[in-house]
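> This is the structure, below, for whatever I ask next.
Just so you know, all these numbers are worked out from the coordinates, no wet-lab data involved. These numbers were taken from a predicted model, which means no experiment stands behind them.
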Amino acid sequence: AERFEKLHGVLKDGRGEIINVAEGDFKAVQVITSKKGAVRSCHYHRHGGHWLYVLSGKMRYSELRVTSDLNPPWEHVFEVNQGQKVWSGPMMLHKTEFLEDTVLISCAIGKLDTESYEKDTVRVAI
């Protein structure tokens, strides 16, 4: 699957619509709200990963493949708007900056209970 994509599986009829956010073997699904100007993430996952789907708002997503040297510039920086999603895979340092009040869904392949999350997540001062 593409790492960043506009969703193409919207089913609409007179009753409303169904949006296909993600397919996979997820261990956790979260709804995350963030205020304009907030910064989240600044970490990578040793084994886990997640789709981030923006329900409303807009965020700037930055990522850098993790190597032994974390000093190189960001490899990718782009905006993720309402109705778009982005994949953060294992060993991908990522940061999210919220350009508007934003609500998103996170579909994670790893467990997100506190112990599992802390064991898999490496925070990086950016």
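> Take the residue pairs K27/K95; K35/K85; K12/K36; K12/K85 and return only those whose Cα atoms are more than 27 Å apart.
From K27/K95; K35/K85; K12/K36; K12/K85, over 27 Å: K12/K36.
> Below 8 Å between Cα atoms, with a sequence gap of 6+, how large is the relative contact order for the chain in percent?
38
> Still on this model: Working from the alpha-carbon coordinates of the chain, get Rg over Rh, Rh being the Kirkwood radius.
Values: Rg = 14.8 Å, Rh = 15.2 Å.
For the chain, the value is 0.98.
> Subtracting the Cα-Cα distance from 0.36 nm times the residue separation, let me have the gained length for D101 to I32 in nm, one decimal.
23.8 nm
> Within the chain, what percent of beta bridges assigned by DSSP are antiparallel, to the nearest 5?
Counting DSSP beta bridges with both partners in the chain, the antiparallel share is about 100 percent.
> Determine ³J(HN,Hα), in whole Hz, for all residues of region 105-113 in sequence, where each value follows from phi through the Karplus function 6.51 cos²θ - 1.76 cosθ + 1.60 and θ = phi - 60°; x replaces Gly and Pro.
10, 10, 10, 9, 7, x, 5, 10, 4
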